[in-house]
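The values are calculated or read from the model by the stated rules, or taken from the named source; none is laboratory data. These figures come from a predicted structure and were not determined experimentally. No Cβ is skipped: glycine too gets one built from the backbone with ideal geometry, and neighbour counts run over all protein chains shown. Side chains are part of the model used for accessible areas, which takes the heavy atoms of the whole protein and leaves out ligands, DNA and RNA. Shrake-Rupley method; radii C 1.70, N 1.55, O 1.52, S 1.80 Å.
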Amino acid sequence: MLRYQPIRNRELGLMSESPLAPRRPGGRGSGVGRPRDPDMDHRILRATVELLSEVGYVRVSVAEVARRAGVSKPAIYRRWSQKSQLVVEAMVTQMSPGKAHDSGSAAADLHALTEQLMNVLTRTPLGRVLPGLVAEMAADPVLADSYRDLIIKPNQRHWRAAVERGIASGEFSGDTDVDVVLNTLAGPLYFCLLITGDPIEAGYARSAVDLILARYGNDIALPAR
């Protein structure tokens with residue numbers, strides 16, 4: 001079921017060990033002057049994630065983030081020009097560390113990546129705040145670029161690599177359209193989250209990969225679990 005589940009403090013503690021997100025585009029900070037304090041960045045991002053998990057995107061305020069992080073509002077605005085950019089970078093810290101799934105089966109790798117995306121959308125604050133972020137992105141091209149560059153593109157690289165391995169090994173036919181595969185697997189998840197609000201059943205990932213194999217697979221079935 002595609003339903004948001006709040007992150008517990010224990011889980012937040014585990015995620016806090018992730019490295020800082022890349023420098024976001026469009027902020028006011030620069031490499032000139034005093035170097036940034038990684039500990040302060042970490043406290044700000046952690047406070048942002050905690051607040052997002054409690055109240056959602058709309059009710060997050062920079063003032064409350066500053067209070068929880070023990071910093072001033074100007075300290076935050078020197079790093080992120082607006083709340084939406086801060087939220088995107090905070091969301092990066094909640095994504096699973098990027099790694100390629102290479103099990104020897106492209107279909108199994110795509111299945112794992114699809115389940116991983118389902119988990120991100122249902123078990124991290126991203127699923128809860130994404131509708132608000134999408135509304136902001138429509139009016140803020142800088143935010144849209146930040147979201148695509150920091151969240152969408154890095155993950156898409158792993159999906160593309162899995163399909164390309166499948167083509168190279170003969171698991172997928174040579175005419176496989178990589179974009180169609182990616183859109184078929186991930187598109188319905190975002191459609192349900194952002195448009196219909198319908199639940200996604202636990203078996204979605206396998207059914208979606210089976211659909212891809214029916215169109216592009218060379219008589220190779222998804223391994224049984």
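On the beta carbon distance between ILE152 and ARG36, with R0 = 25 Å, the FRET formula returns roughly 0.50. Using a probe radius of 1.4 angstrom, the carbon and sulfur fraction of the accessible surface of the range 39-93 is 51%.
Counting protein heavy atoms only, the range 106-167 has 53 percent of its accessible area on carbon and sulfur, 1.4 angstrom probe. With contacts taken as Cα pairs under 8 Å at a separation of at least 6 residues, the range 122-216 carries a relative contact order of 25 percent. Dipole check for the range 95-216: with +1 at the C-beta of Lys and Arg, -1 at the C-beta of Asp and Glu, and the Cα centre as origin, the magnitude is about 260 Debye. Here the range 39-93 is assigned +1 on the Cβ of each Lys and Arg and -1 on the Cβ of each Asp and Glu. Its dipole about the Cα centre then comes out at about 200 debye. Fully extending the segment from ILE195 to ASP179, taken as 0.36 nm per residue of separation minus the present Cα-Cα distance, adds 3.6 nm.
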